Amino acid sequence: MRPGSHLPLAGDASAASQPAIPHSTDRLWNDFGFRLVVLCGFGGIGLLLYGHTLSFPFVFDDQMYLLNNPLLHDTRSFVFQGGDFSSFATYAERIGLPRDLSTNFILRPVAYLTFHLNYLLDGMNPRGFRAVNIALHCANAFLL
């Protein structure tokens with residue numbers, strides 16, 4: 001410290017004369033309207049970028065993992081076909097399908113739950129699957 005300078009004490013009037021400067025970004029982010037604008041912005045960007053894909057057909061591995069996957073179409077699959085995990089893990093292979101169907105189902109339960117809900121609500125219409133996918137990706141972008 002320089003000679004003659006001093007640290008302000010708790011009761012020192014000079015410390016009280018310097019008000020804390022609020023961070024404008026904290027105030028802005030805590031504003032509900034601003035968060036709503038950001039959320040709508042991400043949704044709008046997502047729709048702008050991917051909205052045209054809503055009418056696209058299923059492609060690539062959609063045939064195997066969605067259209068021809070008996071696990072996806074059966075609600076009982078979400079309780080591992082009677083609670084026997086080992087039996088469920090080999091179910092696809094036992095019925096003549098690639099074993100990856102069961103493995104993928106086990107490793108991605110949230111994704112398959114959304115696929116199953118889409119199936120129950122709108123059948124195998126690609127539009128519903130794509131709309132939910134876009135909405136989840138936009139929500140994820142907002143969270144980041």
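The values are calculated or read from the model by the stated rules, or taken from the named source; none is laboratory data. None of these values were measured; they are calculated from a predicted model. Cβ sites come from the backbone with ideal geometry, for glycine too, and all protein chains shown count toward neighbours. Protein only, heavy atoms only, side chains kept; ligands, DNA and RNA dropped before computing areas. Shrake-Rupley method; radii C 1.70, N 1.55, O 1.52, S 1.80 Å.
Here are the numbers for this structure:
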item: Separation in nanometres of the label points that stand 7 Å from Cα toward Cβ, at V37 and A89; result: 5.2
item: FRET efficiency, V110 to M64 (Cβ-Cβ, R0 22 Å, nearest 0.05); result: 0.70
item: Within-15-Å neighbourhood charge of T103 [Cβ basis; K, R +1; D, E -1]; result: 0
item: The range 52-144 - percent of accessible surface contributed by carbon and sulfur, probe 1.4 Å; result: 63
item: Kirkwood hydrodynamic radius of the range 68-144, from inverse mean 1/r over distinct Cα pairs, in Å; result: 13.5
item: Under the Karplus curve 6.51 cos²θ - 1.76 cosθ + 1.60, θ = phi - 60°, whole-Hz ³J(HN,Hα) for the range 125-135, x wherever Gly or Pro sits; result: 7, x, 4, x, 4, 5, 4, 5, 4, 5, 4
item: Summed residue charge, Cβ within 13 Å of S77's Cβ, Lys/Arg positive, Asp/Glu negative; result: 0
item: Whole-Hz couplings from phi, Karplus 6.51/-1.76/1.60, listed for the range 55-62; x for Gly and Pro; result: 8, 5, x, 5, 9, 6, 7, 4
item: Solvent exposure, largest accessible area first (probe 1.4 Å, DNA, RNA and ligands not counted), of F56, F142; result: F56, F142
